[in-house]
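FYI, it's all coordinate maths here, none of it is from the lab. Predicted model only: the values in this text are computed from it and were never measured. Here Cβ is always computed from backbone atoms with ideal geometry, including for glycine, and neighbour counts include all displayed protein chains.
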Amino acid sequence: MRVKSDKSNGLSTGPIKSVLACVAAVVAWNVVASFVPTVSFLAPLVPVAYAQNAYAEAQRAFQARDYFNSARLFYSLSIASSGDTRAKAEFGLAESLKKAGFPYGGAYFYSRIVAQGTKNDFFRFGLDNLGDLNTRSPLGRAAIGGIFGTKIDPLQVPPGARGFYFFYKGLEAFDSGGAAAGLGGGASGMQSVARAKSEFERVPSGNPYYPRAQYYLGVIYAVMKDSDGALGAFSRVVRTSTSDSLRQLATMGLARVYYERKDYRRAFSYYSQIPRDSDLWLETLFEGAWAFFMIQKHNNSLGNNHTIHSPFFVNRFYPETYILNAITYLRLCRYQALRDQLRKFQERYKPTFADLNNLLKKYQGNPEAFYSVIARYRATGRLGENTAATEVIDAVSRSDAFKEAAAVVRGMEREAAQLRGQGARWEMSGLADVLRVSYENRRKATIRTAGEILFSQAVQQFRYLRDLSDQTRLINLEMLSGRTDQLRARFNPENQGSDGTSWGEGMKPLNVKSEIEYWPFEGEYWEDELGGYVYNIDSKCAVATSAKK
Amino acid sequence: MSLTLPRSKNALAFALALALAAVALFSSIAPTGARAEDFKDYEIRVIKNKYFTKRFRLQLDINAGGVMNQSFHNSYLGIAGLGFHFSESFGLHAEGGYSFVDNKDECDLLGRDFNINPLINEVQTIYGGYVSYTPIYGKYQLGSGDVLYFDWFFTAGGGLAANRERQGGCGGEEVTPGTDVWETTPQFNVGTGQRYFLGKSTAFIWNVRVLVFQPAAEGKNIIDDGIKNVILSLGLGYFL
């Protein structure tokens, strides 16, 4: 090959032109690489100098608190680089998004870091930050399950993230077998419970996840029939938690442990600590009604259920109160009142049963749609279809699974709206697209997971209602067959003496030194009287026995 | 010149009767000392701790009031009280009040245009004590769903009142000398009122009473010549 050379000035220009052409190509490549996001597969060709400059520029923007700009720069660098540079850029991006007010956006990139395992230098920081973010903006079980799907050596978990890591590992084990173990799920269930226990015990004291871990430990101890362990764990929650709702749950746990021990007075002392404005208040009345039944305080038991049946709580799902009332009247030999309770149960819950059945058939296999039904009910207070199932839908909508999912969905939607308003600076770099897709995917995953859990809760309530209905039929049959005495004997707990204390409002003993007020109930429900009803009826059993004679 | 009973007295009596009817109709009331046996025929009762208890508590109150039944002058009273409740029903109270007086338009008209100077009995200060008896305890449910507790009390007491009997002073002319002497004379009073409990320690109190005092003029006594002032007061009580 002959190269024509320009010998006009006595120098050969061929080599100079080659060098100039190379430099021009490199410069052109840098320009292209900084603007075109799809060239990441060519990342190894990006010159190191460019990467260092880009990183420095992004860092400067971060330090100047221009997080929107630093996020854009870090993102551009992350897609145009590899190895350590990419890892640094992704971490910088996650930090920038967090500081810019996009916690879920930040969490998405932290998750990517954690998913790479310990070979990513920022694995520990990523896990730390995820744990911290989760305490303020719940990421949701679906997202966290995905994070811990990667195998992580527990020894590599940094101290700050140990609470987060072990709490969710414990929760994973608990969900897989914990609940089943409590209901006789067998050996594999107990193994999962034991694994959950060991994970929860590794959550360090003082960590934000410690109170919740202790609560689950309390439940596990209760399932394992270790009441001392349960009492200790629940007491630690009450002492250390800053969350009212968690403290109340733990207080309920203490009450239930004492109930199991048949120490009903102590159980009442804890039930009475739940304030009236708590979501758990009606539950305490219901469980307190059972405790009163056990100590043969029938008037207090009926009084507690009278509050639950008031118009203030017309949408709350407590079908078992009718059964409890029925067996209370059975004990008092008040058979007409017993039949009335069974009739009221059937009148109220037969339509509920039918409509719930329709709902479950309609939404089976469609958890997203079922979640929407619950969410719409929560937002509007009304069920658009199969309205007799409102009580069950209301009960399901109060569950932790829905509350957590709703918080995650709200968070995602809030950030997506923020992105529409403020994310214009990220459109060119493609970061906005990535975030939009991540929000949508995560929202859908959350709704799907929550919908499945809520559907299974609704199915459980359906079965519960069916069991109670069977019990009412059994009671009816036994009475019709004249086996009333045998029936009464079945519902008389062994060795349950009567308690001599007089109990008043709030399941507290009446203090004769304090001022007590009495009001007659004449069909009108006053809000300040809820929880204070006490029946004034006596047993007709002596009369019934002598009538038989 | 004889003076007919001021319309304000009739209006006040009517207002009181209306208030009593409203209380009976819209509230839930019970005797203060109601016990379980009072409702023994009811299948369902409410047994709860009393929202507001007064027993063995000190009451400090401050009230503003006015005399409602004087034709020719306005008396605006500021009254401070200190009481102690021995039980939910009975309490013993001490009080002191100071009055600010000004002439009504009728007085100025008579004095200025007709040179008529009616005899006016003014009270400057009152102090004394009274016993309160609270037979009724009740509650209202407001439209918001909140419940407002109240009680109804009666009072009877006595003490002293610094007062004078003046002639003139209407329409700007001088008060007739000898009739502007302030004297402290005995007084007794009976009344009724309500306390609306705003919290565990505070209450809004209204109170209407008839205070009879002996006029300052010589030779007069409280039984035959007693001057009746109907005083309506509103105030706040704080319970320690």
Modelling each spin label as a point 7 Å along the Cα-to-Cβ direction, I'd like the A:Arg239/B:Asn69 distance in nm, to one decimal. 6.8 nm
Low-density loop positions, GluC sites (Glu not before Pro), the stretch B:141-221 - DSSP coil, at most 16 other Cβ in 10 Å: B:Glu173, B:Glu174, B:Glu218
Explain nothing, just compute: Karplus ³J(HN,Hα) = 6.51 cos²θ - 1.76 cosθ + 1.60, θ = phi - 60°, for every residue of the stretch B:45-59 in order, whole Hz, x for Gly and Pro. 10, 10, 10, 8, 5, 5, 5, 10, 10, 10, 4, 6, 10, 7, 10
Given GluC sites (Glu not before Pro), DSSP loops and at most 15 other Cβ atoms within 10 Å, the longest exposed-site-free stretch of chain A is A:1-384
First select every other residue whose beta carbon is under 10 angstrom from the beta carbon of A:Ala196; then total the charges, Lys and Arg +1, Asp and Glu -1. -1
At most 11 other Cβ within 10 Å, DSSP loop - trypsin sites (Lys or Arg not before Pro), the stretch A:199-288: A:Lys225
For the stretch B:130-146, Karplus couplings with θ = phi - 60° (6.51, -1.76, 1.60), whole Hz, Gly/Pro x: 7, 9, 10, 10, 10, x, 10, 10, x, 8, 10, 9, 7, x, 6, x, 5
Where a label projected 7 Å from the Cα of A:Ala187 along Cα→Cβ would reach, residues of the stretch A:214-244 with amide N under 19 Å: A:224
How about the stretch A:374-432: which trypsin sites (Lys or Arg not before Pro) there lie in a loop by DSSP and see at most 11 other Cβ atoms within 10 Å? A:Arg382
Quote the FRET efficiency, to the nearest 0.05, computed for B:Tyr238 versus A:Asp279 with a Förster distance R0 of 41 Å and r equal to the Cβ-Cβ distance. 0.70
Two pseudo-spin positions, 7 Å from Cα along C-beta at A:Thr135 and at A:Glu524, lie apart in nanometres by 5.1 nm
For A:Asp400 and A:Ala56 in one chain, what is 0.36 nm times their gap in residues minus the Cα-Cα distance, to one decimal in nm? 119.4 nm
Note, A:His309: beta-carbon cut-off 11 Å, +1 each Lys/Arg, -1 each Asp/Glu, net +3
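Evaluate the relative contact order of chain A (contact order divided by residue number), counting alpha-carbon pairs under 8 angstrom at least 6 apart; express in whole percent.
Rounded, it is 12 percent for chain A.
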Tell me, how many Å apart are the Cα centres for the stretch A:321-392 and for the stretch B:103-119? 78 Å
Coordinate range along principal axes, alpha carbons of the stretch B:162-240, Å, largest first: 53, 32, 19
In nm, what is the difference between 0.36 nm times the number of residues separating B:Tyr140 and B:Leu92 and their Cα-Cα distance? 14.6 nm
Within a Cβ distance under 15 Å of B:Ser132, other residues only, what is the Lys/Arg minus Asp/Glu net charge? +1
For the pair A:Ser198 and A:Arg343, the simple spin-label estimate (label points 7 Å beyond Cα toward Cβ) gives in nm 5.9 nm
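Rounded to the nearest 0.05, what FRET efficiency is calculated for A:Leu474 and A:Ser372 with R0 set to 35 Å and r the Cβ-Cβ distance?
According to the calculation, E is roughly 0.40.
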Efficiency by 1/(1 + (r/R0)^6): what FRET value for A:Arg265 and B:Val147, r their Cβ-Cβ distance, R0 = 25 Å, to the nearest 0.05? 0.25
Return, ordered by residue number, the residues of the stretch A:78-107 whose backbone nitrogen is under 17 Å from a label point located 7 Å along Cα→Cβ of A:Arg414. A:97-107
